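What follows is a set of notes on a single structure, which appears directly below.
What follows draws every value from the coordinates through simple rules; no lab data is involved. Computed from a predicted structure; not experimentally measured. Cβ atoms come from the backbone with ideal geometry, glycine included; neighbour counts cover every protein chain shown.
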Amino acid sequence: MHDTLPADMHLWHHLENTVRDVFSRYGLEEIRVPVVEKTEVFARAIGDATDVVEKEMYTFEDRNGDLLSLRPEGTAGVVRAVLQNGLLYGAPLRLWYMGQMFRRERPQKGRTRQFHQVGAEVFGAPGPDVDAELLVMCARTWAALGLDGLRLEVNTLGTAEERARYRGDLHAFLSANRDALDADSLRRLDRNPLRILDSKDPGVQAMLADAPVLADYLGEASRSYFDGFLSLLDGYGLAYQVNPRLVRGLDYYSHAVFEWITDELGAQGTVCAGGRYDGLVEIQGGKPWPGVGFAMGQERLIELMRQHAEPAGEAPHVYLVMAGEGSVSGGLQLAESLRDDLPWLKIQSNLAGGSFKAQFKRADRSGAALALVLGEDELAGRSATLKHLREDLPQESVAFDDLQAWFTNWSASRG
């Protein structure tokens with residue numbers, strides 16, 4: 001679990017603000033749910049046989065004897081919230097969330113035990129049109145973040161009944177080839193054989209070349225759904241690859257599933273994943289109700305942003321340099337007046353004393369574009385000296401009453 005330091009906050013703010021902007025343009029509303037839930041909320045939804053529930057959840061017993069868990073993902077808690085608060089029924093419900101998740105995994109680059117996700121969930125829309133629009137929304141988010149090179153892989157998991165028939169035949173095939181399975185796959189064989197399909201072991205993948213394929217078990221309705229989904233993606237002009245081995249690690253998925261993948265982050269290449277989960281609301285105690293959604297990993301997106309189009313840091317526009325009798329009181333009052341008149345203007349005041357030389361060093365380190373200098377002479381003449389720190393321009397003396405107009409013109413000249 002890692003700290004997020006001030007030097008990195010501009011990246012997080014840029015990502016979060018971009019998500020808010022893009023998602024709101026698609027009619028999604030934000031929801032916030034607790035970090036801690038009853039363990040059964042996750043066990044029911046995710047599945048007892050998944051790695052998440054078996055090995056990765058932080059679970060503890062509280063003073064009342066209730067079994068609680070830190071949330072390992074966001075969807076189960078959102079479903080619990082919309083059921084508990086009676087939000088589901090009526091027009092399709094479009095939600096998004098952002099926050100910390102926790103999994104007791106082996107830490108590595110792009111994978112930590114506390115991590116952050118942005119997720120979107122849409123309830124009450126049964127057709128593939130919403131699945132496709134969510135993917136277009138993702139693509140628009142990548143473009144707004146300046147990210148390229150992300151590829152989209154899609155697959156269909158069909159219905160629970162179709163998957164059960166496939167699971168039986170897959171289990172028989174894997175059992176007949178158990179000598180080729182690695183330790184992780186052997187552990188999954190009886191409880192969750194579909195998870196073996198995305199094994200990273202080269203020997204297992206070679207053996208799987210002859211394994212049964214889920215697509216052969218799909219009925220007409222499931223095929224029609226997936227064909228409609230792909231047709232919509234084609235209509236949007238969204239490039240994708242059908243990957244018949246793509247499965248999601250959580251039991252609640254059905255029909256279309258997808259992952260956005262990069263080759264720039266090593267083994268942790270999936271930055272966004274999701275799919276349809278029409279059975280999840282019923283699993284959590286509601287009536288059968290369609291749902292679809294995704295989650296994107298913020299840490300992995302932040303790392304990609306570093307490598308592509310890192311936004312500028314949140315440096316102040318102005319560093320206030322104050323020296324001489326009365327300058328601190330007068331300078332701080334002037335700064336407040338400017339903040340009142342110009343809400344967009346970022347002013348950092350020197351609050352540690354020091355000579356002009358020391359203060360200008362701090363001004364330079366702050367990244368500010370301008371130094372606003374206030375000494376005894378400036379106070380006496382009710383004017384301030386403005387010195388350009390990043391451009392080779394002459395310094396100017398500006399009367400207090402003219403500062404608002406000066407900064408407005410300066411901002412306009414910078415575009």
For Phe400, Phe407, what's the fewest-to-most ordering of other Cβ within 10 Å of each Cβ?
Phe400, Phe407
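Can you give the local net charge around His116? Use residues other than it whose beta-carbon is closer than 14 angstrom to its beta-carbon, Lys and Arg +1, Asp and Glu -1. Display every interim value, and only then the final one.
Numbers: positive: Arg32, Arg71, Arg103, Arg111, Arg113, Arg300; negative: Asp3, Asp8, Glu16, Glu73, Glu299, Glu303.
Around His116, the charge tally is 0.
Ranking Glu37, Glu16 by Cβ neighbours within 10 Å, fewest first, what do you get? Don't jump to the answer; show the numbers that get you there.
Details: Glu37 18, Glu16 14.
Final ranking by Cβ density, sparse to dense: Glu16, Glu37.
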What number does the chain give for Rg over Rh if you use C-alpha atoms and the Kirkwood radius?
1.11
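Take the Cβ-Cβ distance between Tyr26 and Tyr89 as r, set R0 to 30 Å, and report the resulting FRET efficiency rounded to the nearest 0.05. Don't skip to the end; give the middle numbers.
Numbers: r = 21 Å, r/R0 = 0.71.
After rounding to 0.05, the efficiency reads 0.90.
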Hey, what number do you get for the chain at 222 nm if only DSSP H runs of n ≥ 4 count, each worth -39500 (n - 2.57), divided across all residues, to the nearest 500?
-11500 deg cm²/dmol
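Can you sort Glu259, Glu161 so the residue with the fewest Cβ neighbours within 10 Å comes first? List each step's numbers first, then the result.
Details: Glu259 22, Glu161 11.
With the sparsest Cβ surroundings first, the list reads Glu161, Glu259.
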Please report the relative contact order for the chain, taking Cα pairs under 8 Å with a sequence separation of at least 6, and give it as a percent rounded to a whole number.
15 percent
Principal axis extents for segment 318-409, Cα atoms only, whole Å, descending order, please.
29, 28, 23
Under 16 Å between alpha carbons, and skipping anything fewer than 8 positions from Lys38 in its own chain: which aspartates and glutamates qualify?
Asp48, Glu54, Glu56, Glu61, Asp62, Asp66, Glu73
Paramagnetic reach from Gln241 in segment 139-172 [backbone N under 16 Å; point 7 Å along Cα→Cβ]
149-156
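May I ask you to order 226-237, 125-136 by the average number of other C-beta atoms within 10 Å around their residues, highest value first? It would help to have the intermediate numbers written out before the result.
Values: 226-237: 15.4, 125-136: 19.2.
Highest mean packing first, the order is 125-136, 226-237.
With r as the distance between the Cβ atoms of Trp12 and Ala143 and R0 = 22 Å, compute the FRET efficiency 1/(1 + (r/R0)^6) and round to 0.05. Walk me through the numbers on the way to the answer.
Working: r = 19 Å, r/R0 = 0.87.
The computed FRET efficiency comes out at 0.70.
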